[in-house]
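Structure first, then comments.
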């Protein structure tokens, strides 16, 4: 499936979670091609759409906040009609406090992306100085670059991979607000996937917001004894009375039962968008 891939685009750099997922992808498929880092999810998806020999790795959801709206919007956008999910993985998230010094109690400042500050707010409030100087960065790579320009009393939030890349000390591990935090990352591209022993198919159904619409669709899956692993919805951007229902269910698009389900869903939806059939890595 990935034999003709010439490049991989990845969200973030400097030890981002998408880069950690990329390392796992390399190990699984035994390939190594040029990696391009981009700063936003839409940039990644657009780059993959415009380059057939490129695949991308981006986050889809985390275990606390659920699916990432901008990722879902990109997956159903008509601007990215060639982009499909090709594979998925779930990685544990372990934010760490990193610094050039080894002395935790000497820290007076912290540099991090706003999301990292939010995700580690309890640690910052309870274990860091009350008058802590907080500096915001666009990503881990920028935070590491800024850290290099400050004195030894400054720190940053990053991953163990960040510490390895920039030769930083890990002062505190697992500083996230929640224990057992994980992130689901997906590989996207314009390739056909082959069935595995444990496939997930993702679709989006577009329908008018009417009573009983969701129940009608679920009954179709029940009739074929197909397990739905996840279902959620969001209103379509710019259309106040139209919603997209995202459904993940067991099976592959090549399976006869899956083809039958998609056919039987047609009367209940204005449009069905196939997002991908894929296994885990």
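Worth pointing out:
- Scanning the range 119-130 for residues that are part of a helix (DSSP H, G or I) and modelled with pLDDT under 95 returns a single hit, 119.
- Residue match in the range 234-250 (condition: modelled with pLDDT under 90 and under 30 Å from residue 95 (Cβ atoms)): yes
Per-residue answers, yes or no, for (1) in contact with a helix residue (DSSP H, G or I) (Cβ under 6 Å, 6 or more places away or on another chain); (2) in the same structural domain as residue 71 (by TED's automatic domain parsing); (3) in contact (Cβ under 8 Å) with a residue 12 or more places away in the chain; (4) in a strand (DSSP E or B):
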residue	(1), (2), (3), (4)
185	yes, yes, yes, yes
205	no, no, yes, yes
243	no, no, yes, yes
257	no, no, yes, no
275	yes, no, yes, yes
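- Verdict on residue 144 being touching a helix residue (DSSP H, G or I) at 6+ places or on another chain (Cβ under 7 Å), in the same structural domain as residue 254 (by TED's automatic domain parsing), in contact (Cβ under 8 Å) with a residue 24 or more places away in the chain and not in a loop (DSSP other than H, G, I, E, B): no
- Entirely in the range 53-117, the strands (runs of 3 or more DSSP E) that have 1 or more residues that are touching a residue at least 60 places away in the same chain (Cβ under 8 Å) and within 13 Å of the chain's Cα centre (by Cα): 54-62, 84-92
- The residue that is surrounded by the most Cβ atoms within 10 Å (Cβ to Cβ), among those in the range 161-172 that are over 19 Å from residue 118 (Cβ atoms) and touching a strand residue (DSSP E or B) at 6+ places or on another chain (Cβ under 6 Å), is 168.
- In the range 153-170, the residues that are closer than 20 Å to residue 123 by Cα and assigned to a loop (DSSP other than H, G, I, E, B): 153, 159, 168
- Filter result (outside any helix (DSSP H, G or I), surrounded by fewer than 16 Cβ atoms within 10 Å (Cβ to Cβ) and under 16 Å from the mean Cα position of the chain (by Cα)) within the range 21-52: 39, 40
- Test: residue in the range 12-32 that is without any contact (Cβ under 8 Å) to a residue 40 or more places away in the chain and touching a helix residue (DSSP H, G or I) at 6+ places or on another chain (Cβ under 9 Å): yes
- Restricting 207, 215 to those that are crowded, with 18+ Cβ neighbours inside 10 Å, modelled with pLDDT under 90 and over 21 Å from the mean Cα position of the chain (by Cα) reduces the list to 207.
- Which numbered condition residue 261 misses (of (1) over 30 Å from residue 121 (Cβ atoms); (2) assigned to a helix (DSSP H, G or I); (3) touching a strand residue (DSSP E or B) at 6+ places or on another chain (Cβ under 7 Å)): (3)
The values are calculated or read from the model by the stated rules, or taken from the named source; none is laboratory data. Owing to the predicted nature of the structure, the values given are computational and were not obtained by experimental measurement. Positions of Cβ are backbone-derived with ideal geometry, glycine not excepted, and every protein chain shown enters the neighbour counts.
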